[in-house]
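One structure is given below, encoded as structure tokens.
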Amino acid sequence: MAVTSNISEFEDELQNGIYSKKILVEGDSWVSHPFPQAYNLAEQIDAFDTHDYLMLNIAEPGDEARSIFKSHGRQMKRLKRLLNSAQWGDKFDLILLSAAGNDIVGPEIRDHGYVLNKRDYPGLYGKELMTKQFYNAMTDVVKGYERFLKMRNSTALNEKTPVITHVYSYLIPREIGTHIGPLMFNKGWIKVHLKHQGISDADEQYEIIVEMLDAFYRRMKRIENNYNNFLVVDTRKVLMKQGMPDLDLWYDEIHPTGKGFKKVARYIRKEAQNAGLWQL
């Protein structure tokens, strides 16, 4: 397999005529993490499949679903052009999406009011502190996915192309951010902001993370059967060991190691094969 993030390079490779299958990847750092210690889902798929297919990976670390799937936004226009242009051949054989994580973690936890400040509500615990603003944000993320799926359905070339996505994995909030060896660039995306909201208990923090991913999963599953050839893979427990997240499979607070991403990638492929949507 060959992988490129450059559309012109992708077009040039197609002209060579040596690739019989084409994959499109869009999303966040779970499919575009730049550090070799972590790899990402797209690189792991590249590693364990050796068929003659070409992957166009236009994902970017930090991208949010609200930006990727924004109506008339730059990224949505690019996706529509890719899916509806005859110059790319007959169609893509698979579309892999990874989006939502950056919409709900990071400063948004406090700045968008996703979690109440426990100092003001000492009688509430864990998911009881999660607000309407968070659940509305999750609903908006899912509406973004629906915009993409409706756009795909409107294209003559790719209306039946399988679309596969995941819902991340349960994790333990830790102040371990982007780093190379001992060099740390930030303190992470979750724990530091929950502590800002007066939530310091590890069990309480974990309960909030579980509810965040469960809420995302519930909303995505509700729409799954509304669209043909669309699969939401439940990856929440793939990186668990004895009922808790296996820290050996995590590179930092929100990104698995290469081994962790490999486990998730293999699970996604297995579930897609079982659904008849991984025909590569």
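The values are calculated or read from the model by the stated rules, or taken from the named source; none is laboratory data. Here the structure is a predicted model, which is why all the values come from computation and not from measurement. Because the Cβ atoms are built from the backbone with ideal geometry, glycine has one as well, and the counts that use them run over all protein chains shown.
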Kindly indicate whether any position in the stretch 198-221 is touching a Gly at 6+ places or on another chain (Cβ under 6 Å), over 22 Å from VAL31 (Cα atoms) and not aliphatic (A, V, I, L, M).
-> yes
What residue, among those in the stretch 128-173 that are under 21 Å from LEU280 (Cβ atoms) and hydroxyl-bearing (Ser, Thr, Tyr), is surrounded by the fewest Cβ atoms within 10 Å (Cβ to Cβ)?
-> THR155
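Kindly indicate whether any position in the stretch 217-226 is β-branched (Val, Ile, Thr) and either outside any helix (DSSP H, G or I) or more than 21 Å from ASN153 (Cα to Cα) (or both). I'd like the intermediate steps shown before the answer.
Step one: filter the stretch 217-226 for residues β-branched (Val, Ile, Thr), giving 223.
Pick out the ones that are also either outside any helix (DSSP H, G or I) or more than 21 Å from ASN153 (Cα to Cα) (or both) and you get none.
No: the stretch 217-226 contains no residue that is β-branched (Val, Ile, Thr) and either outside any helix (DSSP H, G or I) or more than 21 Å from ASN153 (Cα to Cα) (or both).
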Considering THR178, THR131, THR161, which residue is touching a strand residue (DSSP E or B) at 6+ places or on another chain (Cβ under 9 Å), farther than 23 Å from ASN225 by Cβ and modelled with pLDDT of 95 or more?
-> THR131
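Quick check on this structure: which one of GLU253, GLU271, GLU211 is surrounded by fewer than 21 Cβ atoms within 10 Å (Cβ to Cβ), among the acidic types (Asp, Glu) and over 22 Å from LEU149 (Cα atoms)?
Details: GLU253 fails: surrounded by fewer than 21 Cβ atoms within 10 Å (Cβ to Cβ); GLU271 fails: over 22 Å from LEU149 (Cα atoms).
That would be GLU211, the only listed residue that is surrounded by fewer than 21 Cβ atoms within 10 Å (Cβ to Cβ), among the acidic types (Asp, Glu) and over 22 Å from LEU149 (Cα atoms).
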